[in-house]
Amino acid sequence: IKLLGEGLLPSVFAPDGLIEAFYSEKYPNIIAVQWHPEKEMNIVSKRIFSDFHALCKSYAERQSL
């Protein structure tokens, strides 16, 4: 990614300077990465899946009300 849309903030850069991950402060449920976190179970990948799981669980709980 070379340029992000308005309101999106870079969080990870490749060695060549391209953006590999971004997020939004306005919409905290938005996160995007340009790698395969499921293939790299490091601390960052584990956090991505943990946060995603928590969001899904919260959504399901709100829908059952």
Subject >> Residue tally, condition open to solvent by 70 Å² or more (accessible area, probe 1.4 Å), over 23 Å from Cys56 (Cα atoms) and either of a type in the set (Lys, Arg) or out of contact with any strand residue (DSSP E or B) (no Cβ under 7 Å at 6 or more places or on another chain) (or both), over the range 1-28 >> reply: 5
Original post:
Which members of the range 46-65 meet the condition of being in contact with a strand residue (DSSP E or B) (Cβ under 9 Å, 6 or more places away or on another chain) and more than 19 Å from Leu4 (Cβ to Cβ)?
Top reply: Asp51, Phe52
Subject >> Residues that are touching a residue at least 24 places away in the same chain (Cβ under 8 Å) and open to solvent by 100 Å² or more (accessible area, probe 1.4 Å), drawn from the range 29-65 >> reply: Asn29, Gln34
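The values are calculated or read from the model by the stated rules, or taken from the named source; none is laboratory data. What you see is a predicted model, and the numbers here were worked out from it, not measured in a lab. Cβ atoms come from the backbone with ideal geometry, glycine included; neighbour counts cover every protein chain shown. With ligands, DNA and RNA removed, areas are computed over all heavy atoms of the protein, side chains included. Shrake-Rupley method; radii C 1.70, N 1.55, O 1.52, S 1.80 Å.
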